[in-house]
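The values are calculated or read from the model by the stated rules, or taken from the named source; none is laboratory data. Every value quoted in this text rests on a predicted model; they were computed, and no experiment measured them. Backbone-built Cβ (ideal geometry, glycine too); neighbour counts: all protein chains shown. Each accessible area value is taken on the protein alone, full model and side chains, heavy atoms only, with ligands, DNA and RNA left out. Shrake-Rupley method; radii C 1.70, N 1.55, O 1.52, S 1.80 Å.
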Amino acid sequence: EPQDAPQTKVVALLRNLFEDHVLTNPMVKSAAISDAGLTKQTLYEIGPGSLTRTTYDRAMESLTAVNGEIESLVKLAWGRS
């Protein structure tokens, strides 16, 4: 939660300690992700139909950014672009 002061302080501490070894995109806390987990599915599997559209879109935006960053790091480690 970007507005949560304790979480912001932990992120700052981690970035200070580990520098560029911390992901830059935050994974937001979302009811959409919690609801998907209750059914043992991912957000990609449940789709937008079972959630509020804005909640789903916000969670998907965050999830896509984090997963894209991880994918880029894996490709870099494998020597692919």
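Let me know the charge dipole size of the chain about its Cα centre in debye, to the nearest 20, where only the beta-carbon of Lys, Arg (+1) and Asp, Glu (-1) is charged.
Roughly 60 debye for the chain.
In whole percent, how big is the carbon plus sulfur part of the accessible area of the chain, probe 1.4 Å, protein atoms only?
59 percent
Using each residue's phi in the range 11-19, evaluate 6.51 cos²θ - 1.76 cosθ + 1.60 at θ = phi - 60° and report the 3J(HN,Hα) Karplus result to the nearest Hz, with x for Gly and Pro.
The phi angles translate into 4, 4, 4, 4, 5, 5, 6, 10, 6 Hz.
Mind checking the per residue accessible area of the range 27-81 for me, 1.4 Å probe, whole number of Å²?
Ligands and nucleic acids excluded, the result is 71 Å² per residue.
Per-residue HN-Hα couplings for the range 63-73, Karplus 6.51 cos²θ - 1.76 cosθ + 1.60 at θ = phi - 60°, whole Hz, x for Gly and Pro?
These are the phi-based 3J(HN,Hα) values: 4, 5, 5, 5, 5, x, 5, 5, 4, 4, 5 Hz.
Explain nothing, just compute: Karplus ³J(HN,Hα) = 6.51 cos²θ - 1.76 cosθ + 1.60, θ = phi - 60°, for every residue of the range 26-34 in order, whole Hz, x for Gly and Pro.
Each residue of the range 26-34 in turn: x, 9, 6, 6, 8, 5, 4, 6, 4 Hz.
Suppose a student asked you for the relative contact order of the chain, using Cα pairs under 8 Å spaced at least 6 residues apart; what percent would you report?
Computed over the chain, the figure is 28 percent.
Suppose the chain between residue 5 and residue 72 were pulled fully straight at 0.36 nm per residue; how much longer would it get relative to their current alpha carbon spacing?
That pair, residue 5 and residue 72, stretches by 21.2 nm at full extension.
How do 47-59, 11-23 rank on mean C-beta neighbours within 10 Å, highest first?
47-59, 11-23
Rounded, prolate or oblate: which fits the chain, taking a ≥ b ≥ c as square roots of the Cα gyration tensor eigenvalues, rounded meaning a/c under 1.5, else prolate when a/b beats b/c?
It comes out oblate by the Cα gyration axes.
Which net charge results for the neighbourhood of residue 77, defined as the other residues with beta-carbon distances under 15 angstrom from its beta-carbon, given Lys and Arg at +1 and Asp and Glu at -1?
-1
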